Amino acid sequence: PVYVEAAAALAKRVVKDMANESLDAQLDYAFQLCTARRPTDSERDLLKDFYRSQVKAGKNRAKGATKTAAEADGWRGVATVLLNMHETITKD
Amino acid sequence: MTLPHYSRASRRDFLNSCGSGIGGIGFGGIALASLLNQELAGAPRRPHFEAKAKHVIYLHMIGAPSQLDLFDEKPELVKRHNQPCPPEVTKGRDFAFIGKTSSLGGSPWKFSKHGESGQTMSELLPRLGEVADELAVIRSLHTEEINHAPAQMFLHSGFGRGGRPSFGSWVSYGLGSENEDLPSYVVLLSGPAGGAGTSLWSSGFLPSIYQGVQFRSQGDPVLFLSNPQGRTREDRRRELDVLGQLNQKHLEATGDPEIKTRIKQYEMAFRMQASVPELMSINEETKETLEMYGAQPGKASFANNCLLARRLVERGARLIELYDADWDHHGGIQTALPMMCKQTDLPIAALIKDLKRRGLLKDTLIIWGSEFGRTPLQQGAAKGKSLPGRDHHKDAFTMWLAGGGIKGGVSHGQSDDFGMDVAENGVHVHDLNATILHLLGMDHERLTYRYQGREFRLTDVHGTVIRDVLA
């Protein structure tokens, strides 16, 4: 499905383009790519919590999963959420 | 980021969000359905008066079956077969493709009476004949449109062009859903969709939560129903939680009610990931039931869809519409019509019998019909084709109703000796739609929605309930 592939590509792009940046900066970048604006503080916090819980779940699921793999999993989740926001889809 | 004023929250939306306590109580029921909180769109709602039917199964034969070869016997046409039509009979009428000088065509099939009521049907419908006493047959339907797409629109929305809500959306809007895990308005296709396509189950100007949802008959019933590889249901839940909160913030900032719909539909989709595979697994039906319908698990067919319709009724779906393609017999009717009847006669009769033995028929209204009928004039005969057909005909055609609130074994209305026009008790599409809403407990004149400055109805400013077919 296109949304799954697009989310995977967006996740990869964020990790590549923002390799040495803070998590906040990475989230801002990803959010901006989708909505053309920065997230508010509370939006960023929501996504940050989500990213961390997703990384944790990734680590638990595959025992011995590398840090990179678990983080990639987290970004895939974030990208899925961002692409499915009403604001991203309708740009109203 | 600024919304144009017309798509911002209206006073009505504001009232909607003022809490669900006032819903329908003390305000004259669902005449004020739009006052109900949209959060409650899923919850069942109180009708105007006691409903005779809780569910509708609409069997739409796309293209228009020939009433003159199935339900409406015309000895006069048989007598005058291949003779020119008297000019006074076609005077003032338009046909889609043929000229008025086409010759008359009698039905090559024999008609007989069925059941205690003696409903007349042709030999092409032997199984339906077995349940003749359940049917109220209306032989005097008439409509406004002469071509498929506009006529399909007209039948579904009371308007021959796009943009209005379909009756299924009106019903969902009026009554809500009984099952939180499945859409209340489900569409199943056998063959391609009709000319008017997906607009036939569009919610038009109603909130899009009332739109019909199409299930595919083969493969995944809903595309990409299963999670992508490496994604668990827990992952999905977490995604939806954060997504819901982000969308909620957006909703609070803009007040656009369509965001509410999106949040609700994402949640519905999550629940459907579990409920739909269960619904669609007809292989858990007994062999006897499968054979009764002629259904085969894993195949896409009208028979399977009839069985699915029963399963949807059991799970609380409000309106289920089955579309069956290829009934547009301009030519070759002599071979095509028997083939189509063979595919549909058994499953339709089985559906009625099965619902009845499970005690569901009394709550389920079944409607069989099409966007129009076919002409008493032949098409293609003059060119020397060995197998002519019939053209579109809007002035007199047949539909039948059965089940919830319907008086079985009744015949209502008659066409003239040629089958050209209504001779007695004409039933306009608006009358039919008024009757459907009535059976569901709604007054078609009070089920309204305000849009672009005025109240709209499914029946526009027309429609009379057909009392003769009510139980």
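The values are calculated or read from the model by the stated rules, or taken from the named source; none is laboratory data. What you see is a predicted model, and the numbers here were worked out from it, not measured in a lab. Cβ atoms come from the backbone with ideal geometry, glycine included; neighbour counts cover every protein chain shown.
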**OP:** Search the range B:76-103 for residues that are free of Cβ contacts under 8 Å to residues at least 40 places away in the same chain and pair each with any residue that is outside any loop (DSSP other than H, G, I, E, B) and not polar (S, T, N, Q) when their beta-carbon atoms are under 6 Å apart and the residues are at least 6 apart or on different chains.
**Re:** B:80/B:104; B:83/B:104
Original post:
With B:254, B:232 as the choices, which residue is surrounded by fewer than 17 Cβ atoms within 10 Å (Cβ to Cβ) and β-branched (Val, Ile, Thr)?
Top reply: B:232
Original post:
Among the residues of the range B:91-145, which ones are closer than 21 Å to residue B:466 by Cβ and part of a strand (DSSP E or B)?
Top reply: B:119, B:120, B:121, B:135, B:136, B:137, B:138, B:139, B:140, B:141, B:142
Original post:
Residues in the range A:58-73: is at least one of a type in the set (Lys, Arg) and within 24 Å of residue B:248 (Cα to Cα)?
Top reply: no
Subject >> Which listed residue, of B:115, B:158, B:92, is touching a helix residue (DSSP H, G or I) at 6+ places or on another chain (Cβ under 9 Å) and surrounded by fewer than 20 Cβ atoms within 10 Å (Cβ to Cβ) >> reply: B:115
Original post:
Restricted to the range B:219-244, and to residues that are without any contact (Cβ under 8 Å) to a residue 40 or more places away in the chain, outside any loop (DSSP other than H, G, I, E, B) and of a type in the set (Lys, Arg), which residue is nearest to the other protein chains (Cβ to nearest Cβ)?
Top reply: B:238
Subject >> Any pair with Cβ under 7 angstrom, 6 or more apart, that starts in the range A:66-92 at a residue that is under 25 Å from residue B:253 (Cα atoms) and ends at one that is surrounded by fewer than 16 Cβ atoms within 10 Å (Cβ to Cβ) >> reply: A:83/A:3; A:83/A:6; A:92/B:3
Subject >> Restricting the range A:49-81 to residues that are of a type in the set (A, V, I, L, M) and at pLDDT 80 or above, the residue that is nearest to residue A:4 (Cα to Cα) >> reply: A:79
**OP:** Could you tell me which of the residues B:249, B:260 is over 30 Å from residue B:154 (Cβ atoms) and without any contact (Cβ under 8 Å) to a residue 40 or more places away in the chain?
**Re:** B:249
Original post:
What is the residue count in the range B:348-398 for residues that are farther than 30 Å from residue B:287 by Cβ, crowded, with 20+ Cβ neighbours inside 10 Å and among the hydrophobic types (A, V, I, L, M, F, W, C)?
Top reply: 5
Original post:
Of the conditions (1) more than 14 Å from every other protein chain (Cβ to nearest Cβ); (2) assigned to a loop (DSSP other than H, G, I, E, B), residue B:151 fails just one. Which one is it?
Top reply: (2)
Subject >> Looking only at the range A:77-92, and only at residues there that are within 10 Å of the chain's Cα centre (by Cα) and more than 8 Å from chain B (Cβ to nearest Cβ), the one that is surrounded by the most Cβ atoms within 10 Å (Cβ to Cβ) >> reply: A:82
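Residue by residue, here is whether (1) within 17 Å of the chain's Cα centre (by Cα); (2) part of a strand (DSSP E or B); (3) modelled with pLDDT under 95 holds:
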residue	(1), (2), (3)
B:310	yes, no, no
B:321	yes, yes, no
B:329	no, no, no
B:340	no, no, no
B:378	no, yes, yes
B:383	no, no, yes
Original post:
For the range B:302-346, what are the residues that are surrounded by fewer than 21 Cβ atoms within 10 Å (Cβ to Cβ) and more than 30 Å from residue B:378 (Cα to Cα)?
Top reply: B:311, B:314, B:315, B:316
Original post:
Quick one: which strands (runs of 3 or more DSSP E) sit completely within the range B:402-471 and have at least 2 residues that are on the phi < 0 side of the Ramachandran plot and among the aromatic types (Phe, Trp, Tyr)?
Top reply: B:449-451
**OP:** Considering each residue of the range B:245-279, count those that are within 29 Å of residue B:311 (Cβ to Cβ) and at the interface with chain A (Cβ under 9 Å from one of its Cβ atoms), and give that number.
**Re:** 3
Original post:
What number of residues within the range A:21-37 are within 13 Å of another protein chain (Cβ to nearest Cβ) and either over 14 Å from the mean Cα position of the chain (by Cα) or farther than 21 Å from residue B:244 by Cβ (or both)?
Top reply: 2
Original post:
Taking the condition surrounded by 17 or more Cβ atoms within 10 Å (Cβ to Cβ) and not charged (D, E, K, R), does residue B:215 pass?
Top reply: yes
**OP:** Could you pull out the residue among A:57, A:65 that is more than 8 Å from chain B (Cβ to nearest Cβ) and among the aliphatic types (A, V, I, L, M)?
**Re:** A:65
Subject >> Index of the failed condition, residue B:261 passing every other in (1) surrounded by 15 or more Cβ atoms within 10 Å (Cβ to Cβ); (2) closer than 30 Å to residue B:392 by Cα >> reply: (2)
